[in-house]
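Here's the structure, in C-alpha cells; my notes come after.
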Amino acid sequence: MRIDIITVLPELLKSPFEASILKRAIEANLVEIHFHNLRDYTTDNYKSVDDTQFGGGAGMVMMIEPIDKCISALKAERHYDEVIYMTPDGETLKQGIANQISLKENIIILCGHYKGVDQRVRDHYITKEISIGDYVLSGGELAAAVLCDAVIRLIPGVLGNETSALTDSFQDNLLAPPIYTKPREYKGMKVPELLFSGNLPEIEKWREEQAYLRTKERRPDLLDE
Ligand code: 6GU
C-alpha cells in the first residue's frame with residue numbers, strides 16, 4: 001500500500017511513523033508513506049496556501065490551485081483508489097472504514113487547515129471525507145495519523161501475530177475482554193482461576209461472555225448495530 005499525505009505541516013505528521021509498528025511496517029515495505037508540503041505547489045512569492053472567504057466571514061480558506069497541482073502531479077504518476085479529506089464534518093471513522101481502506105493499493109490523504117478547503121476541491125477531487133470524532137482539532141494532521149495507524153495495522157503481515165487484529169475491540173462490534181499476565185497474584189489482587197484451568201473451550205466461552213458484558217455496560221450502542 002502507498003499513502004501520499006498532503007499537508008501544510010509535514011513535521012507534525014512524521015513522528016508517528018518513526019516508531020513501533022508503523023516504523024516496522026514501512027521498513028518491511030508493507031506500506032510506503034510520502035509527505036507532500038502544500039507550500040511546494042504554490043506559485044506566488046509568499047508561498048500562500050490560503051486566502052479570505054468570498055462573501056465575507058472570519059477565517060482563511062485553503063485555495064484550490066496548490067491542492068490541484070499536488071493531486072494532479074500524483075495522479076500523473078499512478079492510479080489512486082481514494083482521495084480522502086480529513087475534516088470534522090466527514091464520516092466518523094469506525095473500524096469498518098479502516099478495514100475497507102486497508103484493502104486499497106494507493107490513497108491520497110489531504111489534511112484540512114484553517115476553516116477548511118475551497119468547496120470545489122471537495123466536489124471535484126475528494127472521494128471520501130473522514131472525521132475522527134465529534135471534537136475540533138487545529139488541523140487534519142493528527143487525524144490523518146490516527147487514520148493511518150488504524151489502517152496500516154490491518155495490512156497482512158504488519159502485526160506479528162496475524163490473529164491479533166481479529167481479536168481487537170470493535171472488530172465484531174464487541175469490546176475486548178479483560179486480559180491478565182504474570183504475576184498470578186499481586187498485593188492480594190488475583191487473576192481469575194479459570195484462566196489457569198487449561199480448559200480452552202471454557203476460557204473462550206468466558207472471554208466471549210466478558211466481551212459481551214463489557215460492551216453492554218460501556219457501549220450498548222454497538223450491540224444495536
Ligand atoms: Cl479529520 N480534522 C479536524 N480539524 N478536526 C477533527 C477531525 C478532523 N476529526 C475530528 N476532529
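Per-residue packing, averaged as other Cβ atoms within 10 Å, sorts the ranges 94-100, 176-182 into the order 94-100, 176-182, beginning with the highest.
Lys pairs in the stretch 2-152, Cα-Cα under 16 Å, at least 8 apart or on separate chains: how many? List each step's numbers first, then the result.
Working: LYS14/LYS23; LYS47/LYS69; LYS75/LYS104; LYS94/LYS128; LYS104/LYS128.
Taking the Cα cut-off of 16 Å, the pair count is 5.
Taking the DSSP bridge list for the chain and keeping only pairs wholly inside it, about 20 percent are antiparallel. Only one residue of CYS111, ILE130, LEU142 has its Cα farthest out toward the positive end of the dipole of the stretch 94-225, where Lys and Arg carry +1 and Asp and Glu -1 on Cβ, and that residue is LEU142. Dipole magnitude for the stretch 157-225: computed about the Cα centre from +1 point charges on Lys and Arg Cβ and -1 point charges on Asp and Glu Cβ, it is near 480 debye. For the peptides 206-213, 81-88, residues were scored by their other Cβ atoms within 10 Å and the scores averaged per peptide; the highest-first order is 81-88, 206-213. Backbone amide hydrogens, once placed in the peptide plane, bring MET60 within less than 5 Å of LYS115, excluding anything fewer than 5 places away on its chain.
By how many degrees, between 0 and 90 and to the nearest 10, does the Cα long axis of helix 141-152 differ from the longest principal axis of the chain? Between the helix axis and the principal axis of the chain, the angle is about 50 degrees. The HN-Hα couplings worked out from phi for the stretch 104-110 by the Karplus form 6.51 cos²θ - 1.76 cosθ + 1.60 (θ = phi - 60°) are 7, 8, 10, 9, 10, 10, 9 Hz, whole numbers, x standing for Gly and Pro. Placing +1 on the Cβ of every Lys and Arg and -1 on the Cβ of every Asp and Glu, with nothing else charged, gives the chain a dipole about its Cα centre of roughly 640 debye.
Protection proxy ranking, highest mean first, for peptides 72-80, 113-121, 185-193, 29-37: 113-121, 29-37, 72-80, 185-193, where packing is the per-residue count of other beta-carbon atoms within 10 Å, averaged.
3J(HN,Hα) couplings calculated from phi for the stretch 72-83 with the Karplus curve 6.51 cos²θ - 1.76 cosθ + 1.60 (θ = phi - 60°) are, in sequence order, 5, 4, 5, 5, 5, 8, 6, 7, 10, 7, 7, 10 Hz; Gly and Pro show x.
Quick note: the coordinates plus some simple rules give every number you see, no bench work behind them. Quick caveat: nothing in here was measured; it's all calculated off a predicted structure. So basically every Cβ, Gly included, is an ideal-geometry build from the backbone, and we count neighbours across all protein chains shown.
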